[in-house]
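Heads up, the thing below is written out as structure tokens.
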Amino acid sequence: HIQVLQGIRRCGKSSLFKLLINHLTQNADPRSILYLNLDDPFFIQYANKPEALYEVVLLAEKLTQTKIQYVFLDEVQSIVGWEKYVKSVYDSQQFLKIFITGSNSSLLNSELATLLTGRYIPLQIYPFSFQEVLHMHDIHSRLEMSQQLPKILKIIDDLMHYGSFVEILEAPLTLKRKIIASYYETILFKDCVSNAGIRDIKGFKELTFYLITNLATLYSYSSLARGTNISDVSVKEYIFALEASYLCTELKQFSFSLKEQASSKKKLYLTDNAFVRLTYGFSENYGRLLENLVFAELQKRNAEIFFYNKGYECDFIVKSQAGLRAIQVCYAVNDQNQAREMNGLLKLPFEVTDRFIITYNQSMSLDKVQVVPFWEYFGY
């Protein structure tokens, strides 16, 4: 099968490729492995010439005097019509294995899905999870977490404010914001504007900034249109482009009726907290930062996520084979907000298996509700 790695730019797809290549070289001739970064400026001249990939492979074989057996195509969406090339070499069994990465979900659009039906295995890649970040810090168990709580809380603070892209995690504080801004601009222009053919770049950027500034708040396409002077149709198209780039995810209201889900207001969350740094005032809203971080962790667990907001609000309804789990996110539970958070969990008009309030660092047991700190819920 063709292995397809998908995910937001800089989340580690290319690094995973290199690990796979290192693994292959243990048993295969390194000269039989070809890695092509199609995002490289060299390939701009071939952006509309997928047939040039045949020539590149032939050239590699001529230079190495070795048959290419494994081909890695990084950022494959850079070549228009790449899927026809991949289908051709797959059907002719030219290689033992084909690996592909892409930074846009349109990679697996209907045309590609039709061409490569049954031929590919998709794998979603994300920036590091909380557990992976703990591993980076040499923390490997629940016991070690509880013994190093101040360090754990510092890690969570950093994740809330700077996200979990590896390069940003390792960068000095003075460079973090510059790297985030660079990622953001690349995603907006290469994966949104270019891929979706967006012409009103100013309007698109303004809507994106507005959505990030108003993270996790209810909206309809018409309300966004009124607030930004962009048409309803364009608003919908722009959000679709943002989702396709993996920058964010639009959540629907939970309902057993698909029609009601489609017609209800939506909420938007970012794939990674890093991009919240691009809005100044919002970066001190710890409740929203924690809420987005919880969303990002749930997403990395491949959860099907909704929200509920009818009379009472529940931040996340998580659907799995075990049933529905209701989750509120509250930085710190106190006398002023406890009733509101509890009502959002206890007054749901449908059955749930579990009810949680995820906090920054509080733990208690309330009526039918477990209050747990972030590190305990998502850690080991």
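The values are calculated or read from the model by the stated rules, or taken from the named source; none is laboratory data. Keep in mind that what you see is a predicted model, and the values were worked out from it rather than measured. No Cβ is skipped: glycine too gets one built from the backbone with ideal geometry, and neighbour counts run over all protein chains shown.
Just to be sure, is M145 touching a Gly at 6+ places or on another chain (Cβ under 6 Å) and in the same structural domain as L242 (by TED's automatic domain parsing)?
Considered against the rule, which asks whether it is touching a Gly at 6+ places or on another chain (Cβ under 6 Å) and in the same structural domain as L242 (by TED's automatic domain parsing), M145 comes out as yes.
Could you name every one of the helices (runs of 4 or more DSSP H) located completely within the stretch 208-307 that has at least 1 residues being at pLDDT 95 or above, surrounded by fewer than 22 Cβ atoms within 10 Å (Cβ to Cβ) and in contact with a helix residue (DSSP H, G or I) (Cβ under 6 Å, 6 or more places away or on another chain)? Explain how you work it out, then say what you get.
Values: elements: 221-228, 232-244, 258-263, 286-300.
Here the list reads 221-228, 232-244, 286-300.
Looking only at residues that are under 24 Å from T66 (Cα atoms) and assigned to a loop (DSSP other than H, G, I, E, B) in the stretch 8-29, which one is nearest to the chain's Cα centre (by Cα)?
T25
Can you name every residue in the stretch 310-355 that is part of a strand (DSSP E or B) and buried (at least 21 other Cβ atoms within 10 Å of the Cβ)? Outline the logic, then answer.
If we filter the stretch 310-355 for residues that are part of a strand (DSSP E or B), which is where we start, we get 310, 312-320, 323-329, 354-355.
Scanning the stretch 310-355 gives C314, D315, F316, I317, V318, A326, I327, Q328, V329, R355.
Condition first: of a type in the set (D, E) and over 23 Å from the mean Cα position of the chain (by Cα). Can you find one or more residues in the stretch 314-324 that meet it?
Within the stretch 314-324 (the criterion being of a type in the set (D, E) and over 23 Å from the mean Cα position of the chain (by Cα)), the answer is no, since none of the residues qualifies.
All but one of (1) more than 27 Å from L149 (Cβ to Cβ); (2) in contact with a strand residue (DSSP E or B) (Cβ under 6 Å, 6 or more places away or on another chain); (3) assigned to a strand (DSSP E or B) hold for I358; which doesn't?
(1)
Look at I187 and say whether it is under 19 Å from L5 (Cα atoms), hydrophobic (A, V, I, L, M, F, W, C), touching a strand residue (DSSP E or B) at 6+ places or on another chain (Cβ under 7 Å) and modelled with pLDDT of 95 or more.
Working: under 19 Å from L5 (Cα atoms): yes; hydrophobic (A, V, I, L, M, F, W, C): yes; touching a strand residue (DSSP E or B) at 6+ places or on another chain (Cβ under 7 Å): no; modelled with pLDDT of 95 or more: yes.
No: the conditions fail for I187.
Are there any pairs with C-beta distances below 9 angstrom linking a residue in the stretch 28-57 that is exposed (fewer than 15 other Cβ atoms within 10 Å of the Cβ) to a residue that is of a type in the set (A, V, I, L, M) and assigned to a helix (DSSP H, G or I), with the two at least 6 apart or on different chains, and if so which?
P30/I21; P30/L24; Q45/A52; Y54/V89
For the stretch 256-280, enumerate the residues that are over 21 Å from C11 (Cα atoms) and either outside the structural domain of H161 (by TED's automatic domain parsing) or acidic (D, E) (or both).
E260
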